[in-house]
Each structure stands twice: as C-alpha cells, then as structure tokens.
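To start, the structure itself, in structure tokens.
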Amino acid sequence: QVQLVESGGGLVQAGDSLRLSCAASARTFSSLALAWFRQVPGKQREFVAGLSTVNSRTYYLDSVEGRFTISRDNAKNTLYLQMNGLKPEDTAVYYCAARPTLVVREVNNYDYWGQGTQVTVSS
C-alpha cells in the first residue's frame with residue numbers, strides 16, 4: 001500500500017551538495033515514521049537519518065550530523081535529505097524507508113522501501 005520512489009542522486013565533487021527526494025503514495029503519509037538508509041557493496045545497510053511522525057525530532061548518524069538535514073512536506077507526500085559538504089565516504093545507494101509511528105535505527109524494523117538512488121562523491 002505504501003510506495004516509495006527516491007530521486008536526486010548523482011555524481012558530485014567533494015564539498016558539493018545534493019538534495020534527495022522520496023515521493024510516497026501512502027494516504028497516511030503524515031503518520032509514517034520516515035528514514036534514510038545507505039548501503040555500499042560489502043557493507044551492511046546503515047541508518048543515516050530519521051524523522052518523527054510529528055516532525056518534532058530528527059535523528060542522524062554521527063558522521064553526517066551537521067552536514068545532512070532530513071525534512072518532510074506532508075502536502076506533497078515527500079521526504080527530503082539535504083546533503084551538504086559531501087565526502088567520498090558518503091558514496092552509496094541511498095534508500096528511503098517507512099514504518100508506522102516511531103523512528104528506529106534498525107533496518108529490520110522498516111516495512112516499506114524505495115528502490116534507491118545512487119550518490120557518488122569524487123575527490
């Protein structure tokens with residue numbers, strides 16, 4: 001019932017910025033807890049950022065805090081990830097994910113996933 005589609009990835013230079021978007025089809029978008037994960041070959045998918053259902057609190061991976069900002073637009077049913085000061089270590093496929101009610105950092109607790117969008121940061 002919940003469909004998620006990421007966009008906005010691309011190839012950038014170190015220090016550049018990107019804004020990822022995740023368009024959702026869910027009728028209950030405003031009630032969903034939303035998050036961004038990323039994954040590179042040979043590594044586990046890791047939590048990057050999360051947003052509470054009431055948009056009152058955000059959560060970030062330590063290495064991106066201060067550089068990335070997660071936000072949502074309920075009128076557009078869209079989740080965003082603003083990424084500033086990108087580093088080569090940020091290169092990964094980025095996925096948006098959703099679950100009911102509360103944000104958690106565990107990948108196994110998310111029920112809905114987008115297809116992913118590739119972010120590549122060159123040095």
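The values are calculated or read from the model by the stated rules, or taken from the named source; none is laboratory data. The structure displayed is predicted, hence computed values, not measured ones. Note that each Cβ is placed from the backbone with ideal geometry, even for glycine, and that neighbours are counted across all protein chains shown. Heavy atoms of the whole protein, side chains included, go into the accessibility calculation; ligands, DNA and RNA do not. Shrake-Rupley method; radii C 1.70, N 1.55, O 1.52, S 1.80 Å.
Below are the figures for this structure:
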quantity	calculated
Hz values of 3J(HN,Hα) by residue in segment 71-80 - Karplus curve (6.51, -1.76, 1.60), Gly and Pro given as x	8, 9, 10, 5, 5, 9, 6, 9, 9, 10
DSSP-assigned coil residues among GluC sites (Glu not before Pro) in segment 23-123, each with at most 15 further Cβ atoms within 10 Å	Glu106
Positive-end residue, the chain charge dipole about Cα centroid, Cβ charges, pick of Asn77, Asn108, Leu20	Asn77
Most fluctuating residue given options Asn74, Asn108, Asn84, as computed from a GNM of the chain linking Cα atoms under 10 Å	Asn108
Equivalent ellipsoid semi-axes, segment 72-119, via Cα gyration tensor eigenvalues times 5, rooted, Å	21, 15, 11
Net charge, Val2 excluded, C-beta distance under 11 Å - Lys, Arg +1, Asp, Glu -1	+1
Two-site FRET efficiency, Thr28 against Glu89, from Cβ-Cβ distance with R₀ of 30 Å, rounded to 0.05	0.30
Full-extension gain in nm, Leu102 to Gln115, via 0.36 nm per residue minus C-alpha separation	2.5 nm
Per residue solvent-accessible surface (Å²) - the chain, probe of 1.4 Å	52
Heavy-atom accessible surface of the chain: percent carbon and sulfur, 1.4 Å	45
Cα pair distances exceeding 11 angstrom across segment 50-90, given as percent	67
Computed accessible area, Lys87, all protein chains, 1.4 angstrom probe, square angstrom	90
